[in-house]
Amino acid sequence: MSLVLRPVGPFLTGAAEAPGELNLSVRLRERLFTAAAMSGEHRAALGDQLRAAFAEGDGEAAASLLVAWVQTWALASMVDEARQRWTQRPDGAALAVLVAAAEIVAQAKGWPMGADGRWPEPDADWVMSALDGARPDAVAQHHPEDGAEALAALLNLPVIQGAPLPLPPVVSIPGEALAPRRAELCGAVARGELAAVRLTSPPPEDLPTRLAWGELHLESDLQAQLDRFGLAGLTVNEAPSLAELLSPAPPGAPGEPMRRLCDVAILPGPPSALRAGRPRPTAWLLFRGPHPPIPTIVEAGRLLQALDGQRSVAQAAQAAGLPVQQAEELAEALRGLGALTA
């Protein structure tokens, strides 16, 4: 019996591998889209890259890496549930989390995004390890943009045609073709012959192109989902942004002694200052839950580091080198942010 390999893209739902099939999409999800990987190997890899960017004075790279690194806390608390829900059925909220996690995985591993533009394209070493010693005979292509051709070239295997994916019809065109084909494309969408249009290159910024792009989004219910999530977005009607899935941490309880409810890191930042070449020390409140990271002043970070559940605020102020009154004000503010509790 021949053994075929299925590429990562476009990351559709499903958990089981068909007989005679090795599904890299399933294996990638199970091995790298997990809380353990997000809080472990991905965070560590991004941290190493971030330190290197700081050392080299590369503010642009440092800003991007810093944003990714601080996101690993919230994503680690969300990715397991998102993976399980997406495995069972199309789910917009789960897809939003997985797409954000995909960017982290790609950045941490140094992998490019695949043909679909939303899911990482693993390198040969990872693919070989994911095969667990199996030797596939070919790569099955189920969609022109599922990454089968690149995977086959990577492993020196032939490409065979698999069953087409159950997706609504999409056409891929270069960005500069959008305006000239405006009437044709929008008409096809309006008639139900086409679900959306995928651009294979950035569109020009001229007025005709912007008008064509706007009309296409008005005609198509799925265009925005394709833009955000690639082909997998065609399986969900709507999806929140990752920011909409994050909520402020609840306030802590008043009293003393106080203890931390989050991790804290003091690093050069914030991202905008790194890009401008004017970084300054910034403390980050990093919650182990679906809460956004919060940048704050260094004094708040030092106080948090000193509050260990044993010291009073006054004792922590002394350890952090802060006036007691300032420490008391900071402690109350941090409690309100959910970073401290009695």
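Computed from the coordinates by the stated procedures, all read-outs in this text should not be read as laboratory data. For clarity, every value in this text was computed on a predicted model and none was experimentally measured. Neighbour counts run over all protein chains shown; Cβ positions are idealised from the backbone, glycine included.
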Where does each of Thr87, Thr235 land when they are ranked from fewest to most other beta-carbon atoms within 10 angstrom?
-> Thr87, Thr235
Surface/4 estimate of mean projected area, convex hull on alpha-carbon atoms of the range 208-328, nm² | 11.8 nm²
Exposure proxy ranking, count of Cβ atoms within 10 Å, fewest first, for Arg118, Arg335 = Arg335, Arg118
Virtual spin-label span in nm between Glu41 and Arg259, 7 Å along Cα→Cβ = 3.2 nm
Which shape class applies to the range 52-163: rounded if a/c is under 1.5, otherwise prolate when a/b exceeds b/c and oblate if not, where a ≥ b ≥ c are the square roots of the Cα gyration tensor eigenvalues?
-> oblate
Would you compute, for the Cα atoms of the chain, the largest minus smallest coordinate along each principal axis and list the three values in descending order, in whole Å?
-> 69, 54, 39
Could you tell me the distance between the Cα centroids of the range 107-149 and the range 249-305, to the nearest Å?
-> 37 Å
Around Ala196, which amide H atoms from residues at least 5 apart in sequence, or from another chain, sit under 5 Å from its own amide H, with H modelled in the peptide plane?
-> Val171
The chain: angle of helix 59-88 to the longest principal axis, Cα-based, in degrees nearest 10 = 70 degrees
Would you compute, from DSSP H runs of 4+ residues alone, the mean residue ellipticity of the chain at 222 nm, taking -39500 (n - 2.57) per run and dividing by the full residue count, rounded to the nearest 500?
-> -13500 deg cm²/dmol
Report, in degrees rounded to the nearest 10, the 0 to 90 angle that the Cα long axis of helix 92-109 makes with the longest principal axis of the chain.
-> 80 degrees
What angle, in degrees between 0 and 90 and rounded to the nearest 10, separates the Cα long axis of helix 207-219 from the longest principal axis of the Cα atoms of the chain?
-> 90 degrees
With r defined as the distance between the Cβ atoms of Gln325 and Glu238 and R0 fixed at 56 Å, what FRET efficiency is calculated, to the nearest 0.05?
-> 0.70
